[in-house]
Ligand SMILES: [Zn+2]
């Protein structure tokens with residue numbers, strides 16, 4: 001890769017100074033490709049920190065438009081963006097933040113039919129699950145396991161958040177921990193479930209951290225652990241999770257060999 | 001003293017002084033020598049120290065008599 005420009009040396013100086021990053025590491029970041037599925041509470045802060053870090057290619061997947069009720073937490077979207085496609089609004093914010101970043105927009109919902117093409121479009125290095133529903137979370141897990149792509153899972157609700165990182169062969173997958181979709185009546189509809197806006201900031205930023213560590217090849221990823229965060233009691237817990245040999249997708253005798261969609265619970269209230 | 005590369009950081013300030021030096025050293029092989037021109041004061045106090053912290057070998061420091069110094073650094077293979 002070409003030399004860093006003087007402007008880049010200055011913009012990323014606090015990275016380059018780090019012994020574990022350096023100019024070489026920053027070049028890795030500049031040529032990295034990270035796909036962010038969902039530009040909501042989790043995806044918005046993740047996208048912004050990755051853009052600031054200089055991730056060269058950021059893919060944004062979202063089919064929605066910006067709603068006024070999103071702005072309490074989806075900080076990549078501004079008041080003037082209400083009504084715009086979220087990918088467009090996200091692109092504008094990122095472009096204004098850092099000209100080193102190329103944004104690739106996918107104005108669609110991930111489905112079993114399109115997710116392979118989206119991940120394969122740029123052969124993304126790392127995927128961030130910033131979605132807000134179980135069908136998408138299972139689909140992203142299944143696609144990443146089958147395509148052998150590392151990804152960061154996360155979820156936030158009320159004052160709670162959780163996240164874990166999957167790396168092929170090295171860690172349990174989301175299905176190892178949560179084998180099945182929760183029964184419908186056990187899942188609060190989005191109408192009932194509030195969320196403190198900052199939750200996405202805390203957890204989404206951890207997801208961005210994992211993406212950067214993966215790209216740089218440094219430190220220890222959150223593989224084999226589920227990190228939970230309770231904001232009310234200010235408690236972080238790192239729970240060790242084993243690989244499930246009988247996992248339906250990453251186990252010894254997988255029964256899931258093709259992607260499929262779970263039924264999407266409908267909700268019209270802003271995501 | 002012979003060197004494999006030359007860098008002038010008299011036109012920049014902290015932390016870009018160190019950043020530029022660090023990146024220049026990354027481009028060298030272990031054992032190669034970087035000749036560095038730097039200003040008196042903060043740069044000459046801090047840059048050599050930061051380079052030692054990263055494991056490089058500071059060989060010689062020469063006062064050029066014009067408010068600048070020349071520093072010879074041998075790259076050590078950490079990065
Ligand atoms: Zn599994």
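For region A:1-119, what value does the Rg/Rh ratio take when both radii are computed over Cα atoms and Rh is the Kirkwood radius, given to two decimals? Working shown, then result.
Working: Rg = 15.3 Å, Rh = 15.0 Å.
Taking Rh as the inverse mean 1/r over Cα pairs, Rg/Rh reads 1.02.
Counting other beta carbons within 10 Å of each residue's own, what order do A:232, A:196, A:71 fall into, fewest first?
The order, fewest Cβ neighbours first, is A:232, A:71, A:196.
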Euclidean distance between Cα centres, region B:1-30 to region A:52-118, Å:
39 Å
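Relative contact order for chain A: what percent, with Cα pairs under 8 Å and sequence separation of 6 or more?
On the way: 531 pairs, mean separation 53.6, N = 271.
Result for chain A is 20 percent.
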Highest-fluctuation residue, A:141, A:95, A:80 considered, GNM on chain A with Cα pairs under 10 Å:
A:80
Calculate, in nm to one decimal, what residue A:240 and residue A:97 gain on full extension: separation in residues at 0.36 nm each, minus their alpha carbon distance.
47.8 nm
Please identify, among B:65, B:41, B:55, the residue showing maximal mean-square fluctuation in a Gaussian network model of chain B using a 10 angstrom Cα cutoff.
B:65
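Could you put A:247, B:14, A:176, A:144 in order, starting from the residue whose Cβ has the fewest other Cβ atoms within 10 Å? List each step's numbers first, then the result.
On the way: A:247 21, B:14 14, A:176 24, A:144 27.
With the fewest neighbours first, A:247, B:14, A:176, A:144 line up as B:14, A:247, A:176, A:144.
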Taking a ≥ b ≥ c as the square roots of the Cα gyration tensor eigenvalues, with a/c under 1.5 meaning rounded and otherwise prolate when a/b beats b/c or oblate if not, region B:1-51 comes out prolate
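Using a 10 Å cut-off around each Cβ, can you sort B:1, A:199, A:181 from fewest to most neighbouring Cβ atoms? All intermediate terms of the calculation are to be shown ahead of the outcome.
Details: B:1 9, A:199 22, A:181 14.
So the ranking, lowest neighbour count to highest, is B:1, A:181, A:199.
Could you tell me whether region A:32-240 comes out rounded, prolate or oblate from its Cα gyration tensor? Rule is a ≥ b ≥ c as square roots of the eigenvalues, rounded for a/c under 1.5, then prolate if a/b exceeds b/c, otherwise oblate.
On the way: a/c = 1.32, a/b = 1.09, b/c = 1.21.
Taking the square roots of the gyration eigenvalues as a ≥ b ≥ c, region A:32-240 is rounded.
By the gyration tensor of its Cα atoms, with a ≥ b ≥ c the square roots of the eigenvalues, what is the shape of region A:103-150: rounded for a/c under 1.5, prolate for a/b over b/c, or oblate?
Values: a/c = 1.45, a/b = 1.12, b/c = 1.30.
Verdict is rounded for region A:103-150.
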Taking only the alpha carbons of region A:119-205, what extent do you get along each of the three principal axes, in Å, biggest first?
36, 28, 24
So the angle from the long Cα axis of helix B:42-53 to the longest Cα principal axis of chain B, reported in degrees to the nearest 10, equals 10 degrees
Roughly how tilted is helix B:16-26, in degrees to the nearest 10 and between 0 and 90, from the longest Cα axis of chain B?
30 degrees
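With the convex hull built on the Cα atoms of the protein assembly as shown, state its orientation-averaged projected area in nm².
Working: hull surface 81.1 nm².
Seen from a random direction, the Cα hull of the protein assembly as shown projects 20.3 nm² on average.
Each reported figure results from applying straightforward, stated rules to the coordinates on display, with no laboratory input. Remember, predicted model here, so these are calculated numbers, not experimental data. Reconstructed Cβ throughout: ideal geometry from the backbone, glycine too, with neighbour counts over all protein chains shown.
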